[in-house]
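All remarks here apply to the structure that follows.
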Amino acid sequence: MCMKFIQRIPTAEEIIEQMPLPKHIKDIKINRDNDIKRVFENKDNRFLLIIGPCSADNEDSVCEYIGKIAKVQEKVKDSIIIIPRIYTNKPRTTGEGYKGMVHQPDPCKEPDLFTGIKAIRKLHIRALCEFYMPAADEMLYPENYTYLSDILGYIAVGARSVENQKHRLTASGIDTPVGMKNPTGGDFSVMLNSIKAAQNGHTFIYDGWEIETTGNPLTHAILRGAVDSYGRNIPNYHYEDLINIAKVYEKQQLLNPAIIVDTNHANSMKCYYEQPRIAREVLMSRKYDSLLKKMIKGLMIESYLVEGNQGIGENIHGKSITDACLGWESTEQLIYYIAENI
């Protein structure tokens, strides 16, 4: 067996008992969760912004960023619900590089998942307690979800995981909105099949248990662009793309059909500074067509305190060490523009 067992990781129950969420914060989270769910159920017309760093690599800089977001949220609360991105698990195409805080709570040191599990819960609790906005994280590893199940307000299943059976079945047992990204190859049927699977109930093995789920009616689509066989980026945020997927989606007769458009990744062709332009185009398409206005519920945007990205060890406070992000000034301007044009 080519595995070395390093140390036992505490169960989710053990970690939650050690690091509980305060009672008054639980009540605040329930109210915020209900607001987000109502958007997906067409009971609230506010627009969602899932926004923040590509990866949450440093607790202090992430919380400083969310503090700024919280102030803007108060100003746009009548038209926008902001869900801060605190992405602590990062997929790597080749398996190389920084895999997120859960792997390396200190990006400059060796992996330490024992410490990492505690670090990601600590970060999420701190952000929620200080700013009252349940955050989004990526469900890269379905088992890791349990360590944050009482904290998260939104979950994304990435382009490389969306066809995975375990992710689909786990999503079916979650009562938080789960966004399924289109796969890197762009096949919409994979994304829609994933949504359908997650909206149905299942019986399967999870975390050492045989469990039964009831299905998650808040599972929905995230469009992030695609990459063809030659490695070229193929955006899917243009009007023709949006109306096509909206009509196909509608015919599937799935519960609460909804689309979030990711303005970075293959949609921006990895050019982070294109995100404001893409956001403006999506808003224009949404205004133009009643089906898109109903179905497009929000945008996913990558931004941080400092624009661009840096290498690990450069230590520029608030600058991404993974994908390049918008800086704060551009982010603030974009949020106000969106609030005025939805």
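At 0.36 nm per residue, minus the direct Cα-Cα distance, what do ARG126 and GLU64 gain on full extension? Give it in nm, one decimal, please.
Numbers: separation 62, 0.36 × 62 = 22.32 nm, distance 1.12 nm.
Once the chain is fully extended between ARG126 and GLU64, it gains 21.2 nm.
Within the stretch 9-86, report the trypsin sites (Lys or Arg not before Pro) that DSSP leaves as loop and that have at most 16 other Cβ atoms within 10 Å.
Details: sites: LYS23, LYS26, LYS29, ARG32, LYS37, ARG38, LYS43, ARG46, LYS68, LYS71, LYS75, LYS77, ARG85; in loops: LYS43, ARG46, LYS77.
Listed in order of number, the matching sites are LYS43, LYS77.
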Testing the spin-label approximation: label points 7 Å from Cα along Cα→Cβ at ASN164 and GLU14. State their distance in nm.
2.3 nm
Quick one: Debye curve from the alpha-carbon atoms of the stretch 173-213 only, equal weights, vacuum; give me log10 I(q)/I(0) at q = 0.29 Å⁻¹ to two decimals.
-0.98
Where the only charges are on Cβ atoms (+1 Lys, Arg; -1 Asp, Glu), what is the dipole of the stretch 12-340 about its Cα centre, to the nearest 20 debye?
840 debye
As a quick test, which of the pairs LYS37/LYS287; LYS181/LYS294; LYS122/LYS319; LYS99/LYS293 have an alpha carbon distance above 31 angstrom in this structure?
LYS99/LYS293
Those trypsin sites (Lys or Arg not before Pro) from the stretch 244-308 that are DSSP loop and have at most 15 other Cβ neighbours within 10 Å turn out to be LYS270
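So for the stretch 204-342, averaging the separation of alpha carbon pairs under 8 Å that are six or more residues apart and normalising by length, what relative contact order in percent results? It would help to have the intermediate numbers written out before the result.
Values: 209 pairs, mean separation 27.5, N = 139.
Reported relative contact order: 20 percent.
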Quick numbers on the stretch 1-107, Rg and Dmax over C-alpha atoms in Å, give 17.8, 57
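Can you give the Rg to Rh ratio of the chain, both from alpha-carbon atoms, with Rh computed by the Kirkwood formula?
Details: Rg = 18.9 Å, Rh = 20.1 Å.
Rounded to two decimals, Rg over Rh is 0.94.
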For the chain, build the charge dipole from Cβ charges (+1 Lys, Arg; -1 Asp, Glu) around the Cα centre, then report which of PRO111, ILE205, ILE301 sits farthest towards its positive end.
ILE301
Just add up the charged neighbours of ILE301: K/R +1, D/E -1, any other residue whose Cβ is under 13 Å from the Cβ of ILE301.
-2
Length-normalised contact order of the chain, Cα under 8 Å, at least 6 apart, in percent, tallies to 16 percent
Residue exposure sequence - HIS24, HIS103, HIS124, HIS238 - by fewest surrounding Cβ within 10 Å:
HIS24, HIS238, HIS103, HIS124
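Every read-out reported here was derived from the displayed coordinates using simple, explicitly stated rules and does not represent laboratory data. The shown structure was predicted, so the numbers you read here are calculated from the model rather than taken from an experiment. Using ideal geometry, Cβ is built from the backbone for each residue, glycine included, and neighbour counts are taken over all protein chains shown.
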